[in-house]
Structure formats: C-alpha cells, structure tokens
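What follows is a set of notes on a single structure, which appears directly below.
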Amino acid sequence: MADVTALGELLIDFTNNGLSNQGNPLFEANPGGAPCNVLAILQKLGKKTAFIGKVGKDQFGKQLRQTIEEVGISSDYLMEDDDIPTTLAFVHTFPDGDRDFSFYRKPGADMMLREEDITPNMVKDTKIFHFGTLSMTHEEVRKATKKAVKMAKEAGALISLDPNLREPLWSSLELAKEQMLSAISECDILKISDNEIQFLTGKKDYDAGIAALRKQCDIPLICLTMGKDGSRAYYRDMRVEIPGFYQEHVVDTTGAGDTFCGCVLNYICEHGLDSLTEENLKEMLTFANAAASLVTTKKGAIRSMPEKMEVEDLIAR
C-alpha cells in the first residue's frame, strides 16, 4: 500500500552550472518533474510512494528510472516509449533565484501515457493520489489522467492537485484555464501559487481569488504559496498564514513548490483531513515553508530534498 501515488511528467531539468573555459554555458542534467519532486520529499519523510508515467527508451529515461529507484520511489508503473524521447526542460535562472523554462516536448514521452496504460491496481491501495495539469495539456494523456483520477476516487483515495501552470505547453490559455478548473473540481487538497490563483480568477487579491474559487468548487483544503512571502491555508472557515524562511543564498527555486506540496501531503497522511485545527495548519505550513526554503539552496529537486532533521533545525533556529 502506498501513502501517495503520483501521475505525470518525469523529465530532465537542465540547469545552468557556470561557463566553460571557452565561455559557453554549462548545463547540469538534473532529474525532475513536479509529481516526482513531490514524491521525493515524501520519501525523505518516511512515506511509501509510487509513480505512474512514461519516459523514453533512451539514456535520459534510464537515468530517471535509476534516480527514482535510488531515492525509494516505486518505479513499477514507470513505462517506456519505444519511439518518443524523454522530455527535456532547460531552466533559465535569474539573479533572484526565480526561473523560466524552455521545454523540448513536441512531443515528449510523458505525453504518450494512454488510457489503456492505466489499470485499477495502480491506485487501488493508495491513501492519496496526486497529479498536476502538465498531464492534461493534450487530449490522449488527458484521458489517461482523468481515468486515473476517477479510479483513485472510486478506490477511496484523497485527490491532491498542483496545477503547476506552464503557459508555453498549452495550445491556448483558454484551454489551460478550462482544464485547470476541471481538475480542481475533482480534488480534496489543492496546492496553488499566487500567480495561478490570479490567472484562474482574474483577481489580484489572493483572498478574493480563493473565495471565488471556493464558490465554484468544494475543496476541503487549499494551500496558497506566495514565494518568499510564505503561504496560507484555507480550511473550512479558517485562514492561516505563515511567513517564509529567508535564505541568503538562493541557488535555484525549482522544486520549492513541489517540496511544499509534499510536506502538506505528508502532514495529511499523518493527521487526516477531517478535523484539522488552527494549530495543525500552523504546524503544517511552518514545516512546509522551511523545507521549501532549504531546497532553493541547491540545484535541481529530486536529489536535493532536505532531511527531516535539517528542516526541524531550521525551524528551531
């Protein structure tokens, strides 16, 4: 039985790692992909995880399989596509640690997941099923994702979503908004960023945006991330905000939101979703904020997740 099963993209994040002697940029091939980033921090926190997705039958695909197996994520449902290569993303990092992405995914292997690939045994015993909307950008992989969500709900799993908006991967922003709202309507736990709530609702004020979203969808727990400013949790009639943890030397913010999300799911695995208190929410956000700040001090995500003791030490300081 898995604590958390995730479906979606597993790819290589090429991050800048200085210049060669000739002055050319050097890139480091970091294993990544939001759903597996989430699973990686859950593994660090002692949870059992499994991943559903596709990579290419190439060297990058082999690297990714080896990586998730090394960190403890089950690769039983990681498939290979014989014809389409592993998806690649080049991460362009700005001086403040923020980043932009250039994707090589026309198509990429993660898009090749099909309805017939999804079987009930993949999700029947998981406590939480997690996904994002990069697996909903194209019709066939969207069908596979929706089938998995339906099966997970029928099996009694909680449904977790991180929309993870990547505008260049959608044929139109109208389609992106439509599919994101469709996915949100299915979830019990929503992790959403400040720019995503503004995109979906058109409201600059975050509280107003969350209120508008809750009118459309009945979501028990919404966690809003606000970068260095911290995060908020909206649960029943409660709203809790916790400031972020300042890091003087931010190297790469890739995976920070995924780390936060994984910590939230870890807390729900341990405490459930039915009777959280204000103190529970504060404790959950504090740990998630601290872990997310620590991952920004390293490149990449899957191999950069902090140990539980590191997070607790940061909170204590």
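Which net charge results when you count Lys and Arg as +1 and Asp and Glu as -1 among the other residues whose beta-carbon is under 12 Å from that of Glu80?
Values: positive: Lys54, Lys57, Lys62, Arg65; negative: Asp58, Asp81, Asp82, Asp83, Asp110, Asp117.
Cβ neighbours under 12 Å give a net charge of -2.
Over 30 Å between Cα atoms, which of Lys47/Lys147; Lys147/Lys191; Lys57/Lys143 qualify? Write out the running numbers ahead of the final one.
Numbers: Lys47/Lys147 25 Å; Lys147/Lys191 21 Å; Lys57/Lys143 23 Å.
Violating the 30 Å Cα-Cα cut-off are zero pairs.
Separation between the Lys203 and Leu19 pseudo-spin-labels, each 7 Å from Cα along Cα→Cβ, expressed in nm?
Going by the 7 Å Cα→Cβ label model, 4.8 nm.
Please identify which residues in region 122-148 have an amide N closer than 13 Å to a label point set 7 Å out from the Cα of Glu115, following the Cα→Cβ vector.
Within reach of a label on Glu115, which here means backbone N under 13 Å from a point 7 Å along Cα→Cβ, region 122-148 contributes 139-148.
Expressed in whole Å with the largest first, what are the equivalent ellipsoid semi-axes of region 174-288 derived from the C-alpha gyration tensor as the square root of 5 times each eigenvalue? The partial results should precede the final answer.
Details: eigenvalues 91, 70, 35 Å².
Semi-axis lengths for region 174-288 are 21, 19, 13 Å.
Taking 0.36 nm per residue of sequence separation and subtracting the Cα-Cα distance, how much length would be gained by fully extending the chain between Lys298 and Asp100, in nm to one decimal?
Values: separation 198, 0.36 × 198 = 71.28 nm, distance 1.68 nm.
My answer for the length gained is 69.6 nm.
What percent does the relative contact order of region 137-228 come to when contacts are Cα pairs within less than 8 Å and at least six residues apart? Spell out each step's value before the answer.
Numbers: 91 pairs, mean separation 24.7, N = 92.
Contact order relative to length: 27 percent.
Of the DSSP beta bridges with both residues in region 1-151, give the percent that are antiparallel, rounding to the nearest 5. All intermediate terms of the calculation are to be shown ahead of the outcome.
Working: 13 of 31 bridges.
Of the beta bridges lying entirely in region 1-151, close to 40 percent run antiparallel.
Using 0.36 nm per residue, how much length does the chain from Glu167 to Arg236 gain when fully extended, once their Cα-Cα distance is taken away?
Extending this stretch completely gives an extra 21.7 nm.
Using R₀ = 30 Å, calculate the FRET efficiency as 1/(1 + (r/R₀)^6) where r is the Cβ-Cβ separation of Lys62 and Asp229; round to 0.05. It would help to have the intermediate numbers written out before the result.
Values: r = 40 Å, r/R0 = 1.32.
Once rounded, the FRET efficiency stands at 0.15.
Could you calculate the FRET efficiency of Met309 with Glu248 from 1/(1 + (r/R0)^6), where r is the beta carbon distance between them and R0 is 22 Å, rounded to 0.05? It would help to have the intermediate numbers written out before the result.
Details: r = 21 Å, r/R0 = 0.95.
It comes out at approximately 0.55.
Sorted by packing (mean other beta-carbon atoms within 10 Å per residue), highest first, where do 105-117, 193-205, 258-270 land? If you can, show how the numbers build up before the last one.
Details: 105-117: 19.3, 193-205: 16.7, 258-270: 25.6.
Going by the mean number of other Cβ atoms within 10 Å, highest first, we get 258-270, 105-117, 193-205.
For the pair Lys124 and Ser182, how long in nm is the line joining their label points, each one 7 Å along Cα→Cβ?
Between Lys124 and Ser182, the simple spin-label model gives 2.8 nm.
With a 10 Å radius around each residue's Cβ, average the other Cβ atoms per peptide and rank 29-39, 247-257, highest first.
On the way: 29-39: 27.6, 247-257: 19.5.
Those peptides, ordered most packed to least, come out 29-39, 247-257.
Could you work out how far apart the two model spin labels at Asp82 and Ala212 are, taking each label as a point 7 Å from the Cα in the direction of the beta carbon, and quote it in nm?
Modelled inter-label distance: 4.9 nm.
For region 130-234, what mean projected area does the convex hull of the alpha carbons give, in nm²? Please list the in-between numbers first.
Values: hull surface 26.0 nm².
Quarter of the Cα hull surface area: 6.5 nm².
Which ³J(HN,Hα) values, rounded to whole Hz and listed in residue order, are derived for region 181-193 from phi using the Karplus coefficients 6.51, -1.76 and 1.60 in 6.51 cos²θ - 1.76 cosθ + 1.60 with θ = phi - 60°, glycine and proline given as x?
5, 4, 5, 4, 5, 9, 9, 9, 10, 10, 9, 9, 8
Can you tell me the relative contact order of region 174-317? Whole percent, Cα pairs under 8 Å, sequence separation 6 or more.
On the way: 192 pairs, mean separation 28.1, N = 144.
For region 174-317, the relative contact order is 19 percent.
Quick one: of the DSSP bridges fully inside region 132-263, what percent are antiparallel, nearest 5? Let's see the in-between values first.
Working: 10 of 18 bridges.
Here the antiparallel bridges make up roughly 55 percent for region 132-263.
What is the Cα coordinate range of region 92-142 on the first, second and third principal axes, sorted by size from largest, in whole angstrom?
If we take the Cα atoms of region 92-142, the spans are 45, 28, 14 Å.
Along the charge dipole of the chain, pointing to its positive end and built from +1/-1 on Cβ of Lys, Arg, Asp and Glu, which listed residue (Leu134, Leu294, Gly46) has its Cα farthest out?
With unit charges placed on the Cβ atoms, the residue in question is Leu134.
Any read-out appearing in this document is the output of simple, stated calculations on the displayed coordinates, not a laboratory observation. As the structure is a computational prediction, the values presented were derived from the model and not from experiment. Backbone-built Cβ (ideal geometry, glycine too); neighbour counts: all protein chains shown.
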